[in-house]
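The values are calculated or read from the model by the stated rules, or taken from the named source; none is laboratory data. Keep in mind that this is a model prediction, so the values were computed, not measured. Counting neighbours? That spans all protein chains shown, and the Cβs are built from the backbone with ideal geometry, glycine included.
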């Protein structure tokens, strides 16, 4: 089985998700999965009705893999990266997760709109509109209020504003410096201050879970922000909420974040299509790359049983073997 992971940074660095990519490489070797790491910048997109069994990487036609996992760092919002995913989808490659899913989940307001439409519990959320109507915020959401950038991740761009004075100070600063910044205002779930849950879903199944707890004085529990992680055995309600959310948003590999509701139960905080799992593996002891590759292997076996297997190049001149592609980043365990 051949799997491409689309990742734009140096996997030997401390960059966002680099640790996780190294984990994919090392586990792929153990499971005899042919893992290749490609940066979006290595691709060229040639669209025609003839070349349906290859794609250009470093200017060379390369035959298609069995699976692709777009694992862009959280700052990669480029059109080109998503265009690569769309091209691979159109060529018939199985992609975990699709371009449409990535685009939808990246937009926090759109995510909450979809979940609310399906009756899934989420905190009340409002899109910012300048100048901000303070009375409307107080009457619909109230204080304290959580302010988030529309496309933020890793807890970056998330603020807890305690009262109306502090809120207006922040809005005035943003209005003066960056009035086009896209923000959402969200109901603060007080019972979950400084703690939340991360459930990791692979192809409709919760494979691992953890509780995250913030450092003293902080309300953000992200592991990347210094929070601690602890093993958590999810109950049926948490599992149902995470799997339903993944299904509704069509996420094959998902990090679903839950908040604790007053009186018990949970509400959705966020969904993620590029979930990190360094803290999750530490807390749960679950081998996340193994779970993902096992899911892909199962799907491949089903496709082979149905006679739906990856096409081979019709003409050896039309595509060259992957190992001959120049400057390709071959995966290794080093």
Residues in the range 126-135: is at least one touching a residue at least 40 places away in the same chain (Cβ under 8 Å), more than 28 Å from residue 277 (Cα to Cα), touching a helix residue (DSSP H, G or I) at 6+ places or on another chain (Cβ under 6 Å) and not in a loop (DSSP other than H, G, I, E, B)? yes
Sole residue being modelled with pLDDT of 85 or more, assigned to a loop (DSSP other than H, G, I, E, B) and within 21 Å of residue 260 (Cα to Cα), chosen from 111, 122: 122
Which of the residues belonging to the range 95-108 are in contact (Cβ under 8 Å) with a residue 60 or more places away in the chain and not in a helix (DSSP H, G or I)? 96, 97, 98
Answer yes if at least one residue in the range 249-269 is assigned to a helix (DSSP H, G or I), in contact with a helix residue (DSSP H, G or I) (Cβ under 9 Å, 6 or more places away or on another chain) and modelled with pLDDT of 95 or more, and no otherwise. yes
Of the numbered conditions (1) in a helix (DSSP H, G or I); (2) more than 30 Å from residue 279 (Cα to Cα), residue 23 satisfies every one except a single condition; which is it? (2)
